Structure formats: structure tokens, C-alpha cells
1. Please report 173, 73, 113 as a ranked list, fewest other C-beta atoms within 10 angstrom at the top and most at the bottom.
2. Can you give the extra length, in nm with one decimal, that the chain gains between residue 113 and residue 148 once fully stretched, where that is 0.36 nm per residue apart less the Cα-Cα distance?
3. Per residue, what volume in Å³ does the Cα convex hull of region 29-309 take up?
4. In which sequence would 224, 84 go, from the one with the fewest C-beta neighbours within 10 Å to the one with the most?
5. Pick from 102, 159, 86 the residue whose mean-square fluctuation is largest in a GNM of the chain, springs joining Cα atoms under 10 Å.
6. Any chance you could check the Cα centroid distance between region 238-292 and region 188-225 for me, in angstrom?
7. Classify region 167-314 from the C-alpha gyration tensor, please: rounded if a/c falls under 1.5, else prolate or oblate depending on whether a/b exceeds b/c.
8. Take the Cα radius of gyration of region 97-198 and divide it by 2.2 N^0.38 Å, with N its residue count; two decimals is plenty.
């Protein structure tokens with residue numbers, strides 16, 4: 001009898017879990033007409049509460065743009081209730097594992113969707129040890145030679161898979177590059193400095209709202225300040241404390257640099273994300289340094305957080 005009760009309880013818990021997994025972004029807190037949801041607020045380390053980088057732009061209850069998809073963020077994508085059929089674009093800031101490694105998992109899941117239209121995907125040119133977007137996708141999905149060659153149909157639209165429309169963007173560009181324009185929004189990218197890694201930042205303009213994703217950058221790029229100017233929401237990677245060594249500072253902006261960027265760009269709401277253990281340990285110090293310079297709204301991201309935006313003037 002006790003065994004039977006345990007099985008019934010387990011079945012009930014599974015049913016309740018299935019309802020949660022199918023919930024919409026609105027049910028998870030993304031109720032504003034324009035919202036950004038954090039899928040992963042962590043970096044390359046395995047962290048209990050933080051998946052690696054990933055973000056969704058929600059418009060009127062639909063997940064339209066996915067920015068990065070690092071390790072663990074695929075599970076958060078599932079928890080968000082986002083639908084593969086609704087995506088207009090996947091935008092990769094760079095090809096580090098903590099920003100791009102869950103892409104095959106997402107595309108495999110897309111096989112089970114009803115999507116028929118092509119899916120645009122954007123990413124940087126290559127350099128040094130890093131392939132460009134096309135090389136990355138070929139390494140993953142090329143027939144016979146790709147790590148996941150059984151998904152080769154994503155490269156040409158065969159085998160019942162939708163075709164990936166590849167958009168390789170110049171990582172050395174210091175001028176904004178138009179990535180995608182629809183009736184509802186416009187997306188642009190610009191090259192940023194992340195040590196030797198070809199990298200991009202993205203800006204999404206929805207009506208009079210401006211949302212900027214820094215990706216990983218080291219704070220040395222004055223053109224990024226112009227790119228992020230007057231942003232209503234700036235999602236800024238915060239991977240290192242102020243006392244970071246020279247190697248880390250070559251890759252990532254220090255808290256003092258984040259503060260100066262947000263102030264100079266006149267950002268309305270700054271969200272710190274991509275936290276590593278080292279930046280979490282020094283978070284109080286970092287927040288104090290940023291508050292001393294930047295007077296706008298400041299938040300620290302957690303996985304599945306939603307940041308809603310209202311049209312200006314309200």
C-alpha cells in the first residue's frame with residue numbers, strides 16, 4: 001500500500017512539473033509588451049544557480065530574439081516557455097563555449113516543432129584560434145564531418161529541418177551593422193574588444209526603446225559608448241572584480257569601466273550579468289564603485305529574471 005501511494009505521489013509531481021515546463025514567458029514574469037529575459041546569468045564555471053550566457057527578447061508574449069546560448073541556458077530556455085517557431089533570430093556575440101555551446105541542443109529540439117520558415121543566425125567573423133560563424137556551423141553540422149552531422153539539414157533546409165540563414169558580421173567593424181529589420185524592431189551589431197576573441201555587441205530598437213547586450217568586452221572601446229547611448233536597458237557582462245589581473249582585464253571590463261560606460265552612454269537601467277565566482281565574491285565592492293559613478297537604475301541578474309520596458313513618456 002505504501003509503495004502504491006509513493007507511485008501515485010510521484011506521478012502527480014510529474015504531471016505538475018509538466019504544466020510548469022509548458023508555461024509561457026508571461027507566466028514566468030515577462031508580462032510587459034517588451035521584455036528581456038535572462039536565461040543564463042553566469043559565465044564559464046559550473047555554478048549551482050547560474051547557467052552560462054543567454055537572453056531572450058519577448059514581444060507581446062512571444063520570444064523573438066535569442067542572444068547567446070551558453071551551457072545550461074538551453075534548460076532555462078525550456079523553462080521560459082519560449083517556442084522555437086516564434087524565433088526571428090539567434091544572435092551570437094562570440095564563439096566561447098559559455099556563449100554558444102547549447103546551440104546544437106536548441107536546434108535538435110527544433111526538429112520537433114512545427115516551424116517551416118528559415119531561421120536567421122548571426123555571429124562574428126573569425127580570427128586566430130576562432131572560426132567565423134560559417135566555420136563554426138560547418139564544424140557542428142556538416143554532413144559526414146560535423147560533430148552533429150545528422151543535423152546537416154539545418155545548413156541547406158533538407159531532411160525536414162529549417163534552413164539556417166547565416167549572417168557573418170565583421171567583428172572589426174567600428175560602425176553599426178544592420179542585422180535584421182522587421183515591422184516591429186531593428187537589430188544592429190558592432191565589433192567589440194574581448195582580448196584576441198572576435199566579438200560583437202548587439203542593439204535592439206523596438207519603437208522608442210533601446211536594448212543593448214554588451215557580450216564580453218574589456219571596456220577599451222569608445223565606439224561602444226556611442227553604440228549604447230541612451231539605452232533603456234544595458235545588459236553588461238560583469239565577470240571580473242576591480243582587482244582582476246592584467247590577463248582578465250584584457251578580456252573583461254572592470255567595475256569602474258562598467259560605471260564609466262553606463263554614465264557616458266546615459267543608460268537608464270544597467271543590468272549586471274555573466275557573473276563568475278570571482279565577481280560574485282566582490283559584488284558589494286563592485287556595486288559601490290558603480291553607484292559612486294553611475295546614478296541610473298542598477299540591477300544584478302539572476303537566471304529567468306525578466307526586465308520589462310514601457311514606452312517612453314509614461
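No lab work stands behind these numbers, since they all come straight from the coordinates. The model shown is predicted, which means the values in this text are computed figures rather than measured ones. Backbone-built Cβ (ideal geometry, glycine too); neighbour counts: all protein chains shown.
1. The most exposed by this proxy come first: 113, 173, 73.
2. Roughly 10.7 nm would be gained on extension.
3. 116
4. By the 10 Å Cβ count, ascending, the order reads 84, 224.
5. Residue with maximal mean-square fluctuation among 102, 159, 86: 159.
6. Cα centroid of region 238-292 versus Cα centroid of region 188-225: 15 Å apart.
7. Oblate shape, in that a/c is at least 1.5 and b/c is the bigger or equal ratio.
8. 1.15
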